[in-house]
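A single structure is presented below for examination.
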Amino acid sequence: MARKKNYNESEVVEKAMNLFWANGYENTSMQMLEKEMGINKFSIYASFGNKHGLFLESIKCYKGKLNLIFEKFKNASNGVEDIKQFFYDSVNAKFKESHQKGCLLTNTYNEFSESEDLLIKEDMTIFMNNLKALLIKKLEQDGTRDAETVQKQANFLLLAKHGLAAAARVNTQQEIEDYIEMTFKNI
C-alpha cells in the first residue's frame with residue numbers, strides 16, 4: 001500500500017523551481033533540493049524519479065507562471081508595441097523573487113545548449129521557436145516590412161530577448177529600461 005505524501009507537490013516543485021532558477025541545473029545538488037523543499041531524497045525520487053524529472057516539473061511550473069504574460073502578448077494587436085510591452089512584462093513578472101533574476105527558460109536554454117540532453121534541448125527549442133513565431137506575427141501586423149526584413153528583425157529581437165534575460169540578472173532597472181528602449185528605436 002502506497003504511503004500518503006506529507007507535502008504538497010506543487011509547493012515543493014515551486015521551491016525546486018526557485019532553486020534551479022537561482023543556481024542552474026548543474027549547480028543545484030540533491031542536498032540543496034532536500035533542504036529547500038523540506039523533503040528527503042527518497043520522496044523526491046518517489047515523486048519525480050530523479051533530479052532531472054524534478055527539473056522538468058520545475059520548467060513546467062515556470063511556464064505555467066509565464067503563461068499570463070504570453071497570453072497577453074499573443075492576444076494583443078499592436079504589433080511592435082506588443083513586443084516592447086512583452087519585453088517589459090518579462091522583466092517585471094510579479095512572481096519573481098528578489099534573488100531570481102533573468103528568465104529560467106533562457107538560463108536553461110543557455111546551460112543546455114551544448115548538452116546531450118535531447119529532452120530539455122527539444123523543449124527549449126520548441127519554446128524558442130514559438131516565441132520567434134509570435135515575434136514574426138507581431139512584426140507582420142503593420143504590413144510595411146518585407147519577408148526578409150521580418151525574418152532579420154525577428155532574429156534580432158529573439159537575441160535581444162536573450163540579452164535582456166542575461167542583463168536582468170545583473171543590471172539596474174534603469175539600465176534594463178534603457179536597453180529595451182534602445183532595442184526598439186529602429187524596429
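Say we join alpha carbon atoms closer than 10 Å with springs in a Gaussian network model of the chain; which of 119, 157, 54 then has the biggest fluctuation?
Ranking 119, 157, 54 by mean-square fluctuation puts 119 first.
Local charge sum around residue 10 (other residues, Cβ-Cβ under 11 Å, Lys/Arg +1, Asp/Glu -1)?
Working: positive: 15, 60; negative: 9, 11, 14, 57.
Once all neighbours under 11 Å are counted, the net charge is -2.
Still on this model: Report Rg (one decimal) and Dmax (nearest whole number) for the chain, counting Cα atoms only, units Å.
Gyration radius and largest Cα-Cα distance of the chain: 18.4, 65 Å.
Between 0 and 90 degrees, rounded to the nearest ten: what's the tilt of helix 51-75 against the longest Cα principal axis of the chain?
30
Let me ask another. For the stretch 52-149, just run the numbers: alpha carbon Rg, then divide by 2.2 N^0.38 Å, N being how many residues it has. Intermediate values should be presented prior to the final figure.
Numbers: Rg = 15.0 Å, N = 98, 2.2 N^0.38 = 12.6 Å.
Dividing the Cα radius of gyration by 2.2 N^0.38 Å gives 1.19.
Also, I was wondering about something else. In square angstrom, what is the accessible area per residue of the chain with a 1.4 angstrom probe?
For the chain, the solvent-accessible area averages 57 Å² per residue.
Would you please give the FRET efficiency between residue 133 and residue 187, computed as 1/(1 + (r/R0)^6) with r the Cβ-Cβ distance and R0 = 22 Å, to the nearest 0.05? Can you show the working numbers first?
Values: r = 17 Å, r/R0 = 0.78.
Working from the Cβ atoms, E equals 0.80.
For the stretch 1-151, give the percent of accessible area contributed by carbon and sulfur heavy atoms, probe 1.4 Å, rounded to a whole number.
On the way: 4240 of 8670 Å².
Answer for the stretch 1-151 is 49 percent, counting heavy atoms of protein chains only.
At 7 Å along Cα-to-Cβ for each site, give me the label-to-label distance between residue 50 and residue 152 in nm.
Each label point is offset 7 Å from its Cα along the Cβ direction, giving 4.6 nm.
I've got another one for you. How long, wide and thick is the stretch 30-78, going by the Cα atoms along their three principal axes, in whole angstroms, largest first?
49, 18, 11
Which ³J(HN,Hα) values in Hz, rounded to whole numbers, follow from the phi angles of the stretch 138-145 under the Karplus curve 6.51 cos²θ - 1.76 cosθ + 1.60, where θ = phi - 60° and Gly and Pro get x?
Using θ = phi - 60°, the values come out as 5, 5, 6, 4, 7, x, 9, 9 Hz.
Moving on to the next point. Before anything else, pin down the relative contact order of the chain: Cα pairs under 8 Å, at least 6 apart, normalised by residue count, whole percent. Walk me through the intermediate numbers first.
Values: 150 pairs, mean separation 41.3, N = 187.
The normalised contact order for the chain reaches 22 percent.
Additional query: Select from the stretch 101-137 those GluC sites (Glu not before Pro) which occupy a DSSP coil region and have at most 14 other Cβ atoms within 10 Å, ordered by residue number.
On the way: sites: 111, 114, 116, 122; in loops: 114, 116.
Hits after loop and neighbour filter: 114, 116.
The values are calculated or read from the model by the stated rules, or taken from the named source; none is laboratory data. Predicted model, so just to flag it, every value in this text is computed and none were measured. Using ideal geometry, Cβ is built from the backbone for each residue, glycine included, and neighbour counts are taken over all protein chains shown. All accessible areas refer to the heavy atoms of the entire protein, side chains included, with ligands and DNA or RNA removed. Shrake-Rupley method; radii C 1.70, N 1.55, O 1.52, S 1.80 Å.
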